[in-house]
Amino acid sequence: MKCPFCGCEETQVKDSRNTDDNTSVRRRRECPECGSRFTTFERVQLRELVVVKKNGERTLFDRDKLAKSITLAVRKRPISAERVEKIVNSLQRRFESSGENEISTEQIGESVMDALSRLDNIAYIRFASVYKDFRNLQDLNDFVATIEKLATPQNEPEIKEDKND
């Protein structure tokens, strides 16, 4: 592993442990050249996923892009970074274990919307406003009205940290 500080090609692993959700290995590393310490994460990748965009273009699945879009949707909401990481891990596992090598942006967007709808209505609306490409205020109002019809007191999503995800 290359040192991100000085570029040395050889670094030493000082500590390895599984993450809380057992989906990756966290490694503490030290550079023998500059003495800097840094952390890396190692995840299992079941298959190379190709994302098929609306225009037919194909690109490799970018986990970081998925994480950024969810993080942006939950910004300034009472949702931890760990919770976002668990959602991203869960979605990536689902996509990779689907048996398909290609996944459409529509499948990704709908999966994210489903996860956010169960987590936080504001984050759900934020993500939907970009994903659904609302053109005007009426588009937003129609979407919010749909959510309000579905959200009754008995099925209103709670904002809570689920320790089992």
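The values are calculated or read from the model by the stated rules, or taken from the named source; none is laboratory data. Keep in mind it's a predicted model, so treat the numbers as computed, not measured. FYI the Cβ positions are ideal-geometry reconstructions off the backbone, even for glycines, and counts take in every protein chain you see.
When segment 4-34 is filtered for residues that are part of a strand (DSSP E or B) and not β-branched (Val, Ile, Thr), the ones remaining, listed by number, are GLN12, LYS14, ASP15, SER16, ARG17, ASN18, SER24, ARG26, ARG27, ARG28, ARG29, GLU30.
Anything in segment 59-96 that is among the aliphatic types (A, V, I, L, M) and part of a helix (DSSP H, G or I)? List them, or say none.
LEU66, ALA67, ILE70, LEU72, ALA73, ALA81, VAL84, ILE87, VAL88, LEU91
Restricting segment 4-28 to residues that are under 25 Å from ASN89 (Cβ atoms) and of a type in the set (A, V, I, L, M, F, W, C), the residue that is surrounded by the most Cβ atoms within 10 Å (Cβ to Cβ) is VAL25. In the set GLU102, GLU33, only one residue is in contact with an Asp or Glu (Cβ under 9 Å, 6 or more places away or on another chain), acidic (Asp, Glu) and modelled with pLDDT of 90 or more; that residue is GLU33. Among the residues of segment 54-76, the ones that are surrounded by 14 or more Cβ atoms within 10 Å (Cβ to Cβ) and touching a residue at least 24 places away in the same chain (Cβ under 8 Å) come to 7 in all. Among the residues of this structure, PHE41 does not count as one that is among the hydrophobic types (A, V, I, L, M, F, W, C), farther than 24 Å from ASN121 by Cβ and in a helix (DSSP H, G or I). Residues of segment 93-112 that are without any contact (Cβ under 8 Å) to a residue 40 or more places away in the chain and surrounded by 16 or more Cβ atoms within 10 Å (Cβ to Cβ): GLN107, GLY109, SER111.
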